[in-house]
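Novice: One structure is given below, represented as structure tokens, and several questions about it will come after.
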Amino acid sequence: MRIVLVGPPGAGKGTQATVLAKTLSIPHISTGDLFRANISQGTELGRRAKAFMDAGDLVPDEVTISMAKDRMEQADAAGGFLLDGFPRNVSQAEALDVMLKAEGMSLDAVLDLEVEEDEVVKRLAGRRTCRNDSSHIFHVAYRPPKVEGVCDIDGGELYVREDQTEDAVRNRLDVYHTQTEPIIDYYKAQGLVSTIPALGEVKDVTQRAMDALKK
Ligand code: AMP
């Protein structure tokens with residue numbers, strides 16, 4: 001299956017994408033993760049992307065589209081994939097259609113994760129990340145560390161990631177409404193969209209998504 005996952009930052013796209021991709025045995029392709037990998041490897045692409053990401057803005061299309069295309073052309077994606085965070089505007093959606101059409105392929109479904117705006121700000125702006133290991137993530141309300149500002153796992157300092165300050169979160173939401181939301185109408189016109197309420201337990205949201213894919 002070829003699936004696109006859409007939803008505002010903080011809707012749990014990454015979490016759902018990981019579970020769904022595993023369940024469906026297709027690769028999870030996250031442009032955000034690809035950019036972050038480039039940044040940590042110190043590549044030219046990472047260097048170009050970083051300032052846009054820190055501000056919560058979109059990385060320019062020419063960089064993003066060619067990076068996504070390279071990833072989709074890898075052998076493991078030949079039988080399908082789950083896209084998380086791409087496309088993020090109508091021109092990326094159009095480029096994706098062109099890319100797939102050239103290979104005689106098309107999308108099977110677009111899952112739109114729906115969550116309230118206040119909830120998103122609370123979820124994202126409360127996150128604290130360990131300086132030693134960015135997979136050690138805490139939350140001031142939902143997963144507080146035992147000692148404020150200190151990672152439970154390795155004692156590292158907890159900090160607010162640059163793209164998770166309240167200003168950056170609000171900007172990412174603005175960018176989502178103005179640039180990304182229009183792709184939902186674009187895909188609705190193709191009859192591809194299922195709206196998935198994204199509140200509640202992770203497993204319940206996954207079940208809703210799987211039910212929508214069976215239709
Ligand atoms: P994510 O992890 O999906 O929230 O992405 C983190 C950041 O990477 C975004 O805020 C953007 O700056 C950048 N990014 C990820 N995917 C795209 C995309 N499809 N187009 C432009 N920028 C993107």
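We did not get these values from a lab; they are worked out from the coordinates using the rules stated. Computed from a predicted model, the values in this text were never measured in an experiment. Cβ placement follows ideal geometry from the backbone for every residue including glycine, while neighbour counts extend to all protein chains displayed.
Novice: Simple spin-label model, 7 Å along Cα-to-Cβ: SER106 to LYS122 in nm?
Specialist: If labels sit at SER106 and LYS122, their model points lie 4.1 nm apart.
Novice: Something else: Mind listing the long-range amide H neighbours of GLY85? Cut-off is under 5 Å, sequence gap 5 or more, other chains count too, H placed in the peptide plane at 1.01 Å from N.
Specialist: So GLY85 has HN proximity to LEU5.
Novice: What list of ³J(HN,Hα) couplings, whole Hz, do you get for segment 24-35 from phi and the Karplus terms 6.51, -1.76, 1.60, once you set θ to phi - 60° and write x for glycine and proline?
Specialist: Coupling constants for segment 24-35: 8, 6, 10, x, 8, 10, 10, 5, x, 5, 4, 5 Hz.
Novice: Another one. Return the calculated 222 nm mean residue ellipticity for the chain, to the nearest 500 deg cm²/dmol, obtained by summing -39500 (n - 2.57) across DSSP H runs with n ≥ 4 and dividing by the residue count.
Specialist: -14000 deg cm²/dmol, from helical runs alone.
Novice: Explain nothing, just compute: Karplus ³J(HN,Hα) = 6.51 cos²θ - 1.76 cosθ + 1.60, θ = phi - 60°, for every residue of segment 109-117 in order, whole Hz, x for Gly and Pro.
Specialist: Each residue of segment 109-117 in turn: 7, 10, 9, 9, 7, 10, 8, 6, 4 Hz.
Novice: Taking the dipole about the Cα centre of segment 78-127, with the C-beta of Lys and Arg at +1 and of Asp and Glu at -1, give me whichever of ALA109, ALA93, LEU124 is farthest to the positive side.
Specialist: Farthest towards the positive pole: LEU124.
Novice: Turning to a different aspect of this structure: If I take every Cα pair under 8 Å that is 6 or more residues apart in segment 118-215, average their sequence separation and divide by the length, what percent do I get for the relative contact order?
Specialist: 19
Novice: Long-range amide H contacts for ARG2: which residues qualify at under 5 Å (H placed 1.01 Å from N, peptide plane, sequence gap of 5 or more or a different chain)?
Specialist: Answer set, sorted by chain and number: PHE81, ASP108, ALA109.
Novice: Okay, next question. Using 18 Å as the Cα-Cα cut-off, could you pick out the over-long pairs in LYS22/LYS203; LYS69/LYS101; LYS69/LYS188; LYS22/LYS214?
Specialist: As for pairs spanning more than 18 Å Cα to Cα, those are LYS69/LYS188.
Novice: Would you please give the residues with an amide H less than 5 Å from that of ARG128, counting only those at least 5 places away or on a separate chain, with H modeled from the backbone geometry?
Specialist: When sequence neighbours closer than 5 places are left aside, the close amide H contacts are PHE138, HIS139, VAL140.
Novice: A further question on this structure: So which lysines pass the test for LYS122, namely a Cα distance under 19 Å, with those fewer than 8 places away in the same chain ruled out?
Specialist: LYS13
Novice: Residue by residue through segment 135-140, what is 3J(HN,Hα) from phi via Karplus (6.51 cos²θ - 1.76 cosθ + 1.60, θ = phi - 60°)? Round to whole Hz and write x for glycine and proline.
Specialist: 8, 8, 10, 10, 9, 4
Novice: Next up: Calculate log10 I(q)/I(0) of segment 69-201 for q = 0.10, 0.11, 0.22 Å⁻¹, where I(q) comes from the Debye formula with a single equal point scatterer on each Cα and nothing for solvent.
Specialist: Once normalised to I(0) and log-transformed, intensities are -0.48, -0.57, -1.23.
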